[in-house]
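The values are calculated or read from the model by the stated rules, or taken from the named source; none is laboratory data. It should be emphasised that the depicted structure is a prediction, and the values quoted were computed from it without experimental measurement. Accessible surface areas use protein heavy atoms only, side chains included; no ligands, DNA or RNA. Shrake-Rupley method; radii C 1.70, N 1.55, O 1.52, S 1.80 Å.
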Amino acid sequence: MKKRKCVCMIMILCLAAFTLAGCSRDQEENISTETEELQEEDKTADIKENDEPAQTGAVSEETDTDIQIDNAAGKTATIYYVDAQTAEITTKTAEVQDEKDIWNILKEEGILSEDCEILSFKINDTDKKIDLDFNSATGDRIRSMGTTGETEIIGCIVNTYLETYNCDGIRLTEEGNALQTSSGADFDGYSGKITF
């Protein structure tokens, strides 16, 4: 009887050892399979990242709404303004980070008044066009200056932004509508650089 119990115990222990060894081997295989799958996923992800074209700064349809574009980040911009001493259009260079920095410098130089604000700014890098929408205070500032003053203010805004962002055309809108000057000029389309 004791022999039988001993033999049964030995068989149970052997069976348990084989079972544990089998489970351990299955776990190692599962871990190995999972590791291989993760490595394959990483390789696939690396391939996809390398196959994707680099972003060129073009505004996509998803991001083409009232956004700030960093195309001028860290650039030296040529700012057009009217010299207070000579009443001549002149330029100066300034470090800018975005379109609002340019706008603020135009305010500092007296081209725009403090209540003038940008409402939206969009660049289409493919067509090299800018859409600049501003508040009615900016439109009022432009219209209050007479024909020569209007031309100078609009020219300073247009030339500064076109040169800074290396674009060919800019559309100026007042609260979403075409800018209309006191002389009756409609800025319905895109304007190129203005010669003074």
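Taking into account only those residues within the stretch 116-171 that are among the hydroxyl-bearing types (Ser, Thr, Tyr) and over 27 Å from the mean Cα position of the chain (by Cα), which is farthest from Ile105 (Cα to Cα)? It would help to see each step written out before you state the result.
Of the residues in the stretch 116-171, the ones among the hydroxyl-bearing types (Ser, Thr, Tyr) are 120, 126, 136, 138, 144, 147-148, 151, 160-161, 164-165.
After this cut, where a residue has to be over 27 Å from the mean Cα position of the chain (by Cα) as well, the list is 144, 147-148, 151.
Working: Ser144: 20, Thr147: 23, Thr148: 21, Thr151: 19 Å.
Across the stretch 116-171, the extreme among qualifying residues is Thr147.
Can you pull out every residue in the stretch 110-145 that is acidic (Asp, Glu) and open to solvent by less than 50 Å² (accessible area, probe 1.4 Å)?
Taking the stretch 110-145 and keeping what is acidic (Asp, Glu), we get 114-115, 117, 125, 127, 131, 133, 140.
Within the stretch 110-145, Asp125, Asp131, Asp133 qualify.
Report, by residue number, each residue of the stretch 87-103 that is open to solvent by 60 Å² or more (accessible area, probe 1.4 Å) and among the charged types (D, E, K, R).
Hits for the stretch 87-103 are Glu88, Lys92, Glu95, Lys100.
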